[in-house]
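See structure below.
The values are calculated or read from the model by the stated rules, or taken from the named source; none is laboratory data. What you see is a predicted model, and the numbers here were worked out from it, not measured in a lab. Note: ideal-geometry Cβ built from the backbone for every residue, glycine included; neighbour counts use all protein chains shown.
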Amino acid sequence: MGALGALAFITCACLLAPFYAHDVAHSDPFASNVAGSIVLDGHEVDIMQPNDNPLHLGLSPIGPTGHAAYLLGADSQGRDLAARLLYGGRNSLLISACAAVLCLVAATLAGIVAGFCGGVVDAVLSRIMDIMWAVPVYLFAISLSIVMVSQKIHLGPFVLGADSLLIPIFIIALVYVPYAARPIRGRVLALRQAEFVTAARSLGVPGWRIMVLDIMPNISTTLVTLGPLLMALALLAESALSFLSLGVQAPQASWGTIIQDGEGLIYTRPLVAVVPGLAIVAVVLALNIVADGLRDALDGREGAR
Amino acid sequence: MSHPAPVLELRDVRRTYRLPRGQSLRAVDGISLRVMPGEILGLVGESGCGKSTLGRCMLRLDDVSSGQILFEGRDITTLSERKLRPLRPHMQMVFQNSTAALNPRRRIGDLLAEPLRVHPAPDGRKRTVATITARLHELMALVGLPAAALARYPHAFSGGQRQRINIARALAPSPRLVVADEPVSALDVSVQAQIVNLFADLRERLGLTYVFVAHDLAVVRQIATRVAVMYLGAIVECGETDDVLHAPAHPYTAALTAAVPRPVVGAPPPMLLRGDVPSPVNRPAGCRFHTRCPHAQARCGVEEPALRALRPGHEVACHYPLP
């Protein structure tokens, strides 16, 4: 319950960012603001400040101010970290949620068709899955993104720019299809032997109708619990890709790109890397707990039957 | 010849399962059988003798390894699932496990309407919602359940009620042949009687033909007009119910009938079979029953007896049939 609450809070905070973030930060979270300054307690303070080493060499972004503006300080480009965190979370959550849904749809389709049809169809689909499974997820995703991010993609009348969010969504969804399809196929294999499926066949019900009306409702529990788990995996994958500059492209933000920004500031302004990291941890943890809770709740109901 | 055409005819049907290491399990081992219109054929035998597999093969729910299956004179052995679909409404099955046979996630009304939605009416047109609803109410009345049951889920019913629902679903597309695979063995005795009576009643009202798979001789005696006794995948004796059960010619049938408990004080102890049914993977040579037969002789271990007519309408597969 607490996990669900935390998840809802983080999601709302991030998704609603465009409506309030500007009023809080009073600066553009996407524009470099290296030469800017803000007024704190009546004093004008530069955003980029000299380091406090003996020779005052180099500049570091301002740290947490304790005020609405630059609440958590600035990043290396002098942008408001808190505002970027919100906008970044928006992208991260959006991408991971869409990827999870897309992945689940594709995996359900593949799993049901493979499990129900069996024979050659199953063999071909399962071998394709095995091959995808054999390639390490991140390596696979990275190689796909390098190909896709480096050029525009023309899909008929649609042109996908290199900075389109659809690219990481597609890549992450595709990469995790085998992970979701395998348990779904397993459930379908068991269900195919169920007497009510034989009964449907003996009634002359066409195969697609059996899949949709008899099999689908009986794997809904599996799907519902897989959903949040997939989203957690997708969030981690998205952060990793963005950290490697292969997911969300600048000036857009995601928690992964913010961590990348913070990498260079890890000694002077560790918050820039730590806070988005904590956000990722919190969301992944919450999603896992939610998935656990969902499974218990749904299984419990079936057990009572 | 004025004999009516059989509803279902099996010609030397075999169902062999391949096992690892080149072995094979012959679940159904060369069965020929005719089911005449209006009759109730009781298929009896111990568990594992292949009677359920045979029942499933009859309706092409299981593939046949060799042999022929003719439904109303039409060879359905090799028809594809798609070509078989228009014939499905005419031949239906009632399953043993009344719970497993009903999708737990769908309402009874939905389950019963499924065959009506999938198949067109006899005039070739798609059934309307109104005709389907009317038919559902008719079916519920037929099997003695309230119409309110249509809105409920399967878990809301008892075993006997669920079996009634299964029967109603099998009857929904107005079949001519119903294969009932141990429809009452999972029910308790008082409910068994109700369901058996329902089967008998429905047959009279709808002019159905049944193949009634069972291992309980009392049930078979009550309902079947003809009995086929199976042992290790083959029919060892077949004939009119009274003939076969009161004057069994095959030692196995005799042992089966003797094993039915009799409520008589001082009745002689039944002749019981020793040992287990041999594995269908390594079937004994010669007569398949000779390892357990009290009357086995040397010939029985060598030569396999064919199913032959002892007298008209009573066939037995034994070299030395009982008098």
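Has segment B:103-113 got any residue that is away from chain A (no Cβ under 13 Å) and over 25 Å from residue A:216 (Cα atoms)?
No, the conditions are met nowhere in segment B:103-113.
How many of the residues making up segment B:235-287 are of a type in the set (A, V, I, L, M) and under 18 Å from residue B:313 (Cβ atoms)?
6
What single numbered condition from (1) in a helix (DSSP H, G or I); (2) within 20 Å of residue A:204 (Cα to Cα); (3) among the small types (Gly, Ala, Ser) fails to hold for residue B:100?
The number of the failed condition is (1).
Restricting to strands (runs of 3 or more DSSP E) lying wholly in segment B:218-315: which have 1 or more residues that are charged (D, E, K, R) and surrounded by 13 or more Cβ atoms within 10 Å (Cβ to Cβ)?
B:226-231, B:234-240
Assess whether residue A:148 counts as being within 14 Å of chain B (Cβ to nearest Cβ) and among the hydrophobic types (A, V, I, L, M, F, W, C).
No: the conditions fail for residue A:148.
With the condition kept exactly as written, say whether any residue in segment A:151-168 is crowded, with 18+ Cβ neighbours inside 10 Å, modelled with pLDDT of 85 or more, within 14 Å of chain B (Cβ to nearest Cβ) and part of a helix (DSSP H, G or I).
Checked against the condition, which is being crowded, with 18+ Cβ neighbours inside 10 Å, modelled with pLDDT of 85 or more, within 14 Å of chain B (Cβ to nearest Cβ) and part of a helix (DSSP H, G or I), segment A:151-168 yields no hits at all.
Can you pull out the residues in segment A:231-242 that are surrounded by 21 or more Cβ atoms within 10 Å (Cβ to Cβ) and more than 9 Å from the chain's Cα centre (by Cα)?
A:241, A:242
Does segment A:208-218 contain any residue that is surrounded by 20 or more Cβ atoms within 10 Å (Cβ to Cβ), part of a loop (DSSP other than H, G, I, E, B) and within 14 Å of chain B (Cβ to nearest Cβ)?
No, there is no match, as no residue in segment A:208-218 is surrounded by 20 or more Cβ atoms within 10 Å (Cβ to Cβ), part of a loop (DSSP other than H, G, I, E, B) and within 14 Å of chain B (Cβ to nearest Cβ).
Looking at A:225, A:268, A:221, A:257, which is the one that is more than 14 Å from chain B (Cβ to nearest Cβ) and over 17 Å from the mean Cα position of the chain (by Cα)?
A:268 is the lone residue from the list that is more than 14 Å from chain B (Cβ to nearest Cβ) and over 17 Å from the mean Cα position of the chain (by Cα).
For (1) assigned by TED's automatic domain parsing to the domain that holds residue A:170; (2) within 27 Å of residue A:239 (Cβ to Cβ), each residue gets a yes or a no:
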{"position": "A:76", "(1), (2)": "no, yes"}
{"position": "A:88", "(1), (2)": "yes, yes"}
{"position": "A:96", "(1), (2)": "yes, yes"}
{"position": "A:121", "(1), (2)": "yes, no"}
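Taking into account only those residues within segment B:192-213 that are touching a strand residue (DSSP E or B) at 6+ places or on another chain (Cβ under 6 Å) and among the aliphatic types (A, V, I, L, M), which is farthest from residue B:94 (Cα to Cα)?
Filtering first and then ranking leaves B:208.
Got a sec? Which of A:180, A:199 is in contact (Cβ under 8 Å) with a residue 60 or more places away in the chain and either surrounded by 18 or more Cβ atoms within 10 Å (Cβ to Cβ) or away from chain B (no Cβ under 14 Å) (or both)?
That would be A:180, the only listed residue that is in contact (Cβ under 8 Å) with a residue 60 or more places away in the chain and either surrounded by 18 or more Cβ atoms within 10 Å (Cβ to Cβ) or away from chain B (no Cβ under 14 Å) (or both).
Identify the residue in segment A:42-62 that is modelled with pLDDT of 75 or more and not in a strand (DSSP E or B) and, among all such residues, is nearest to residue A:31 (Cα to Cα).
Residue satisfying both the conditions and the ranking: A:47.
Output the qualifying pairs, or none if there are none: Cβ atoms under 8 angstrom, residues six or more apart or on different chains, first residue in segment A:1-25 and without any contact (Cβ under 8 Å) to a residue 60 or more places away in the chain and assigned to a helix (DSSP H, G or I), second residue of a type in the set (Gly, Ala, Ser) and exposed (fewer than 14 other Cβ atoms within 10 Å of the Cβ).
Hits for this filter: A:24/A:68; A:25/A:68.
Could you look through segment B:46-94, keep only residues that are closer than 30 Å to residue B:292 by Cβ and part of a loop (DSSP other than H, G, I, E, B), and pick out the one that is nearest to the other protein chains (Cβ to nearest Cβ)?
B:62
Which pairs turn up if I take residues in segment B:134-160 that are away from chain A (no Cβ under 14 Å) and under 19 Å from residue B:116 (Cα atoms) and look for partners that are surrounded by fewer than 20 Cβ atoms within 10 Å (Cβ to Cβ) and aromatic (Phe, Trp, Tyr) with beta carbon separation below 8 Å, at least 6 apart in sequence or on another chain?
Between residues of segment B:134-160 that are away from chain A (no Cβ under 14 Å) and under 19 Å from residue B:116 (Cα atoms) and residues that are surrounded by fewer than 20 Cβ atoms within 10 Å (Cβ to Cβ) and aromatic (Phe, Trp, Tyr), the close pairs are B:149/B:157.
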